[in-house]
Amino acid sequence: MRSRNAVTSREVALAAGVSQSAVSLVISGKWRGRVSVETAERIKACAREMRYRPNLAARGLRTDQTGMVLAVLPALAIPTFSDIFVGVSSEAQQAGYSVVIAPTPSPVSNATLPVPGYLVDGVVVCRDALEVMDSLAHLPAVGIDTNPRSMSVTVNSDAAGGIRALCRMLAQRGHRRIGYLQVNQVGSWLMSTKHHAAAQVLSQESVELIVHSTSFELSKARIAARELLCRSDRPTAIICEDDNIAIAVYIEAAALDLRIPDDISVVGHDDLPIADALHPALTTLTVPSVALGSLAMLSLLSMLRGEAPSSQRLKVSLTERESVRTI
C-alpha cells in the first residue's frame, strides 16, 4: 500500500496536461525524440513541485531493472571527483535512478560493494578502478578518464592536449628547465598519458624536464616541492598535477623566501576554486569535471536503453593567470 501522501505519475500527468505515458518516458530518460523539450521540462517541473518519486520496485518488475547504478570514484574530498559525482548524480536523478558510491583506492569486489552486484543496473568507473569490472563484468559500464583500450565506452578529458598547450606556453615564455610534480600512482593511465605528453613536447622544445614523485597529501607534496626548490639546478617553472600540489609549492616557496612568479613560476591542474584565490592567482588547466560525470551517466543511460553510445573526449583548456613570468 502506498503512502497516503505519495504522488502518482497519473497526478503528475494531470498537472502537466500530458499523458501518463509521457510522464513515464520523461522520468525514465527515454523521452528524447518522442516528447518535445518544452513538454519534458514542464513534466520535470511538475514532478519537482509535487515531489514525485517513481516507484522503483514497480519499475523493476516491469523492466527487469533496479533503478540503481554504481559509481566507482576516488575520494569525494577531492573537488575534482566531487564535481564528477555532481554530474553523475544530477543526470541519474533526472532519469529516476539512484547512485551508490564505491570509493577507491580500497579494493572493490563483490565482498566490498556497498550493495550486492545483482542490485545494480550499470557502472560508472572513474580512472583506474577497473578491478571492479572483474566482479561486475556482466553489466553495462562507462569509464571516466580511463584507458580507452580497457573499456568499450569512455568519457575522457583531453589531458594530453591540455598538458601540451601548457608546456608550449612555458617554452614560449623562455623556460628551459621545468620541474614536474607527478602523483605517484603506479599503473595510472591518466598520469602516464600526461607525463608522456609533457616529455614529448618539452623534448621537441629542447627543454629539460625534472620529475619528482609526490601524492595528493599536502604534507608529502610539501616535501617533494621543497626538494625540487632546493636543487642547485632549481627549475624556473614547476608543473603540478593538481592545484592542491601547487599550494604546497606556494607554501614552500614562501618558506624559502622565493617569490612567485619572479623566482619560480608555478602551474597547476584542475582549476579548483582556490586557484583564483591564491596570490598570485594560479595559472592552471581547466577540466570540465561536472560535464565528464554528466556525459558518462548519459552514456550509461543510453546503454541501459539498449543503444550503443560512442566514446567522447572533452577539451581541457589553459587558464592563464599571474603565476607564470616570461624569462
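Model label sites at Arg51 and Gln172, defined 7 Å from Cα along the beta-carbon direction, differ in position by 5.5 nm. Listed by chain and number, the lysines whose alpha-carbon sits under 19 Å from that of Lys44, ignoring those within fewer than 8 places in the same chain, are Lys30. Stretching the chain fully between Ser21 and Val290 yields a gain of 93.8 nm (0.36 nm per residue, less the alpha carbon separation). A Förster radius of 30 Å, combined with the Cβ-Cβ distance separating Glu217 from Ser150, puts the computed FRET efficiency at roughly 0.65. Label separation (Leu258 vs Arg32): 4.7 nm, computed from points 7 Å beyond Cα along the C-beta direction.
Need one word for the stretch 159-287: rounded, prolate or oblate. Basis is the Cα gyration tensor (sqrt eigenvalues a ≥ b ≥ c); a/c below 1.5 gives rounded, then a/b vs b/c decides. It comes out rounded by the Cα gyration axes. For the pair Glu208 and Asp276, label points projected 7 Å from Cα toward Cβ lie 3.7 nm apart.
The slack in the chain from Ala165 to Ser82, taken as 0.36 nm per residue of separation less the alpha-carbon distance, amounts to 27.3 nm. Name the most mobile residue of Ala160, Ala45, Ala237, meaning the one with the largest mean-square fluctuation, in a Gaussian network model of the chain with Cα contacts below 10 Å. Maximum fluctuation in the GNM of the chain, among the listed residues, is at Ala45.
If you run the Gaussian network model on the chain, springs between alpha carbon atoms under 10 Å, then out of Ser89, Ser219, Ser36 the most flexible one is Ser36. Couplings 3J(HN,Hα) for the stretch 92-97, derived from phi with the Karplus relation 6.51 cos²θ - 1.76 cosθ + 1.60 (θ = phi - 60°), are 4, 4, 4, 8, x, 9 Hz, where x marks Gly and Pro.
Since every read-out is calculated from the coordinates, none of them should be taken as a lab result. Source: prediction; values computed, not measured. Quick reminder, even Gly has a Cβ in these numbers, built from the backbone with ideal geometry, and neighbours come from all protein chains shown.
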